[in-house]
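Here it is, the structure in full.
The values are calculated or read from the model by the stated rules, or taken from the named source; none is laboratory data. All figures in this text were calculated on a predicted structure; none of them were measured in a lab. A quick note on method: Cβ atoms are made from the backbone with ideal geometry, for glycine too, and the neighbour counts reach across all protein chains shown.
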Amino acid sequence: MIAAVLLCGMIGGLDRWGIPPLSADFFRAWIGFIGTGWLGFACAMHAVPSRDDANLAWEATVEQFPAIGTVLALPLVVIVYTLSRLDWIGIDYLYTAALFSGVFSLYHSVPLLQMTVQTLLQLLSGV
């Protein structure tokens, strides 16, 4: 969720200011653009859980809810193990690209989201 919000801010900033000319505003806009973009991509790259996360989720769920915990935790553990086994194909990169394209599409297709992001950017920038 944090990655999606940061990527939405990056896309909104690019839509609001475009690529400004070389000036003080250029550096302010690009620091915001690069900062939110870098943080968004970094959060997305580290969002895929590891096998250790799956083991801990399995143990905690089965320990606290022995009867129904195995039924509830099994699909989660299977998904996490499958994702962790796909790290050789760069599942982190694929997830990040899919998240970015989804946020980009959502931002440009939902006017309320676009208006909210632009209002927040206007408040934050003081312009």
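Just the residues that are within 29 Å of E59 (Cβ to Cβ) and among the small types (G, A, S), please, taken from the range 80-119.
Residues satisfying the conditions are S84, G90.
If you check D52 against the conditions, is it surrounded by fewer than 18 Cβ atoms within 10 Å (Cβ to Cβ) and at pLDDT 80 or above? Walk me through how you get there before you give the answer.
Details: surrounded by fewer than 18 Cβ atoms within 10 Å (Cβ to Cβ): yes; at pLDDT 80 or above: yes.
Yes: the conditions hold for D52.
OK, next. If you take the residues of the range 82-106 that are surrounded by 13 or more Cβ atoms within 10 Å (Cβ to Cβ) and aliphatic (A, V, I, L, M), which of them is farthest from P49 (Cα to Cα)?
The extreme case among them is L106.
Ok, one more. Here is a list of conditions, (1) closer than 26 Å to V5 by Cα; (2) modelled with pLDDT of 75 or more; (3) part of a helix (DSSP H, G or I); (4) of a type in the set (A, V, I, L, M), and I31 meets all of them except one; can you say which number that is?
With respect to (1) closer than 26 Å to V5 by Cα; (2) modelled with pLDDT of 75 or more; (3) part of a helix (DSSP H, G or I); (4) of a type in the set (A, V, I, L, M), I31 is out only on (2).
In the range 55-73, which residue that is farther than 26 Å from A4 by Cβ and within 25 Å of the chain's Cα centre (by Cα) is surrounded by the most Cβ atoms within 10 Å (Cβ to Cβ)?
Looking at the filtered set, the residue picked out is W58.
Right, L112: within 15 Å of A3 (Cα to Cα), at pLDDT 75 or above and part of a helix (DSSP H, G or I) or not? Please lay out each step first, then the result.
Details: within 15 Å of A3 (Cα to Cα): no; at pLDDT 75 or above: yes; part of a helix (DSSP H, G or I): yes.
Criteria not met by L112.
Just give me the residues in the range 111-121 being over 30 Å from V80 (Cβ atoms) and surrounded by 12 or more Cβ atoms within 10 Å (Cβ to Cβ), in sequence order.
Listed by number, the residues that qualify are Q114, T116, V117, Q118, L120, L121.
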